[in-house]
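Everything below concerns the one structure shown next.
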Amino acid sequence: MRRIFLAILGFVQTVLQFFLRKPITWLANKVSSAPKQESVNKALSELYHSIITEPGKQGPLIDFRPDEHPLIIFTDMHKGSRDGSDDFAVCEETYLTALDYYNNRNFYYINLGDSEELWENLLPSVLKYNKATFEMEKRFVDRNAYAKIYGNHDLFWGNDPLAPVVLKKMYGRSIKVYTGAVLRASLPNGYIDVLCTHGHQGDAQSDGNAFSKWFVSWIWGPLQSFLEINTNTPSCNNENKTLHNQFMYEWSAAQENVVLITGHTHQPVFNSLTHLERLYLQLEEARENRDEEKIRKVNAEIPKRRREYDHVNFSFRKMKPSYFNAGCCCFEDGTITGLEIAGGFIRLVKWSRKEGKPTRIVAEETHLLDLANRIMNHSATA
């Protein structure tokens with residue numbers, strides 16, 4: 001009976017793909033997920049203003065001392081149903097190991113969205129196959145050390161009236177899911193506001209009113225998935241990835257004493273620079289120092305990163321270090337990336353398998369005092 005049902009479903013899918021793929025693709029391109037700068041600026045400014053003037057409405061305003069209150073930011077797990085399209089499955093062990101590490105050290109955890117892949121999976125199925133991760137996240141909830149933010153692939157948490165009931169079942173207590181959060185970092189020379197949000201702001205498909213969000217999460221996303229249409233999101237499109245990074249950077253660079261942290265593209269960004277751009281800076285420095293060993297290593301690394309992402313912003317030498325991206329927790333080799341703020345530093349961390357075990361690696365780091373000084377000096381000379 002099951003085989004007959006699957007055969008019928010496959011036939012229906014094939015027929016619908018034949019008749020609907022072209023018009024749906026055309027419509028998807030007309031309502032592209034590629035945002036416009038003015039839309040991004042408006043959405044991010046409204047979100048930031050809302051949080052700092054009415055904390056709790058769209059997100060919490062969290063006062064903290066970065067040398068005393070450690071935080072970890074992860075994003076884009078896309079937890080699925082353990083089928084062939086579940087990108088998170090290979091990363092589950094690494095994610096659980098990382099969360100155990102941070103919980104044992106009393107880190108506050110900010111989850112930046114697209115945690116559950118609800119465009120391709122039914123929620124009950126995601127809940128069934130990801131119990132271990134929800135139990136691990138619950139440890140942070142139990143300590144009042146968890147902030148959950150929704151993205152475009154898990155809009156359900158932000159627009160469905162049943163979401164609070166499901167969340168209470170998942171975590172054993174009521175929690176609120178937010179659009180963003182602002183970390184107000186107290187520093188000797190003042191403070192820096194760190195705006196954390198998923199990063200789909202300004203996205204014509206996902207950043208609209210309540211009805212449009214409901215339509216995307218329950219109709220539009222699943223329909224594109226069923227028809228096997230590339231949804232043209234930044235995570236799978238280099239052109240849109242470039243646009244996203246540029247637009248998010250431009251907004252952050254125009255602010256005073258504000259740092260922006262997003263996810264959405266699945267590409268880590270640190271100090272407003274991608275890995276490839278940082279390699280070019282390292283190469284220039286090595287050449288100035290005539291460090292032949294460093295030159296050799298960087299030259300060997302650059303072609304690998306070009307295969308992943310070839311765009312370079314030619315202003316990368318003078319970028320304001322105001323934009324960061326936590327990357328994702330669904331790399332195909334089981335690696336996850338995130339951003340730590342701890343001991344006065346902000347760090348880009350990578351958890352990868354080393355000798356068969358998930359291992360924490362610090363990829364980049366900078367002290368927040370240095371970051372604050374660079375931001376303030378950049379603003380003064382801009």
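Look through region 117-137, keep the residues that are among the acidic types (Asp, Glu) and at pLDDT below 95, and return whichever of them is surrounded by the fewest Cβ atoms within 10 Å (Cβ to Cβ).
120
In region 87-106, what count of residues is obtained for those that are in a loop (DSSP other than H, G, I, E, B) and surrounded by fewer than 22 Cβ atoms within 10 Å (Cβ to Cβ)?
Matching residues across region 87-106 total 3.
Taking into account only those residues within region 48-85 that are of a type in the set (S, T, N, Q) and assigned to a loop (DSSP other than H, G, I, E, B), which is modelled with the lowest pLDDT?
Selected residue: 85.
Yes/no matrix, rows are residues, columns are (1) farther than 22 Å from residue 65 by Cβ; (2) surrounded by fewer than 20 Cβ atoms within 10 Å (Cβ to Cβ); (3) of a type in the set (Gly, Ala, Ser); (4) modelled with pLDDT under 95:
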position	(1), (2), (3), (4)
336	yes, no, no, no
341	no, no, no, no
372	no, no, yes, yes
379	yes, yes, yes, yes
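In region 142-165, which residues are over 17 Å from residue 118 (Cβ atoms), surrounded by fewer than 19 Cβ atoms within 10 Å (Cβ to Cβ) and of a type outside the set (S, T, N, Q)?
The answer is 142, 143, 146.
The values are calculated or read from the model by the stated rules, or taken from the named source; none is laboratory data. Keep in mind that this is a model prediction, so the values were computed, not measured. All Cβ positions, even for glycine, are placed from backbone atoms using ideal geometry, and neighbour counts span all protein chains on display.
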